[in-house]
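The values are calculated or read from the model by the stated rules, or taken from the named source; none is laboratory data. Since we're looking at a predicted model, the values are computed, not measured. Glycine also receives a Cβ, built like all others from the backbone with ideal geometry; neighbour counts cover every protein chain displayed.
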Amino acid sequence: MTLKEFFFQNPRVAAAFSGGVDSAVLLWAAKTYGQQVRAYCVRSPFQPVFELEDAKELADSLNVTLTVLEADPLLSPEIAANGQERCYLCKHLILSTILRAARRDGFELVLDGSNASDDPAQRPGMRALEELGVRSPLRECGLDKQAVRQLAQKAGLKVWNKPAYACLATRVPTGTPITREDLSRVERAEHTLAGLGFSDFRVRLFHGGARIQLPAPQLSRAAELREAITSALSPDFSAVLLDLVPRP
């Protein structure tokens, strides 16, 4: 099946939209091949501000109505405890929030941007998709990460080379309770590193400190900017550490 065929069969859809490459291609395809699409983005403490701004800009560029919803995963003790099921529970909460809003607006079918490279064994949240009846056209059409990026570039989507971004909760080690303060200081740290020109990195909590993970080509630059990085991050963290094992 192609995306064109999928949206011919399902011309009226709602899309869970994050502003990343996958969901951007999903929204573009629904707009290009379908008849009616509405995007839904959930604002929560787990998402940095720039992701919401990217989502708004992309939806506007595609001339798709975007509804921003509110949800707070930290109000759930099970999610805040950050156990093995945290990702699944959070995904279930976010998608349930979108489903309720979409159905109030008259949309029965809700889609998400999971692609054929996404491994359910590595992404516990994908279980929530099946339970809630949310479909993934990119995955159903056999489009993997590389194919999605190629399609995004061909479609002229400015995010075609945007690095993948996992929610801020993934920066907290499993089993360590998630707090608003920790999420905020991680977001500040990552905003600082982005401002220094770094990309596709993570700042993870490590015993009260910040463990910076960078792609291999950026490690030497981090050493050169050691003073600037430590000066900016030290107010929020007891230690600032550079992981010498590069991000893949």
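Annotations
- Test: residue in region 97-107 that is of a type outside the set (Val, Ile, Thr), part of a loop (DSSP other than H, G, I, E, B) and crowded, with 20+ Cβ neighbours inside 10 Å: yes
- When Ala116, Ala121 are screened for being under 17 Å from the mean Cα position of the chain (by Cα), among the small types (Gly, Ala, Ser), at pLDDT below 95 and in the same structural domain as Ile98 (by TED's automatic domain parsing), only Ala116 passes.
- Which listed residue is within 17 Å of the chain's Cα centre (by Cα), at pLDDT 95 or above and farther than 30 Å from His207 by Cα, from Arg127, Arg171, Arg139: Arg139
- The set of residues in region 154-174 being within 24 Å of Pro248 (Cα to Cα) and loosely packed, with under 15 Cβ neighbours inside 10 Å consists of Lys158, Asn161, Pro163, Ala164, Ala166, Pro173, Thr174.
- When each of Tyr33, Tyr40 is tested for being in contact with a Ser or Thr (Cβ under 8 Å, 6 or more places away or on another chain) and at negative phi, the lone residue that passes is Tyr40.
- Enumeration of residues in region 223-248 that are in contact with a helix residue (DSSP H, G or I) (Cβ under 6 Å, 6 or more places away or on another chain), farther than 13 Å from Arg188 by Cα and in a helix (DSSP H, G or I): none
- Within region 142-151, the set of residues being within 17 Å of the chain's Cα centre (by Cα) and surrounded by 20 or more Cβ atoms within 10 Å (Cβ to Cβ) comprises Val148, Arg149.
- Evaluation of Tyr33 against the conditions (1) aromatic (Phe, Trp, Tyr); (2) in contact with a Phe, Trp or Tyr (Cβ under 8 Å, 6 or more places away or on another chain); (3) modelled with pLDDT under 95 shows that the sole unmet condition is (3).
- Any hit, region 37-50, residues being in contact with a Gly (Cβ under 8 Å, 6 or more places away or on another chain) and not polar (S, T, N, Q): yes
- Pair list, Cβ < 7 Å and 6+ apart or interchain, from region 144-168 residues that are not assigned by TED's automatic domain parsing to the domain that holds Cys90 to residues that are surrounded by fewer than 17 Cβ atoms within 10 Å (Cβ to Cβ): Trp160/Gln153; Pro163/Ser199; Pro163/Asp200
- Just one of the numbered conditions (1) farther than 24 Å from Ser76 by Cα; (2) touching a Leu at 6+ places or on another chain (Cβ under 6 Å) is not true of Val172: (1).
- In region 19-53, the residues that are surrounded by 18 or more Cβ atoms within 10 Å (Cβ to Cβ) and aliphatic (A, V, I, L, M): Val21, Ala24, Val25, Leu26, Leu27, Ala29, Ala30, Val37, Ala39, Val42, Leu52
- Residue list for region 140-169, filter: touching a Leu at 6+ places or on another chain (Cβ under 9 Å) and more than 20 Å from Asp118 (Cβ to Cβ): Lys158
- Listed by position, the helices (runs of 4 or more DSSP H) enclosed by region 135-211 that each have at least 3 residues that are touching a strand residue (DSSP E or B) at 6+ places or on another chain (Cβ under 9 Å) are 180-195.
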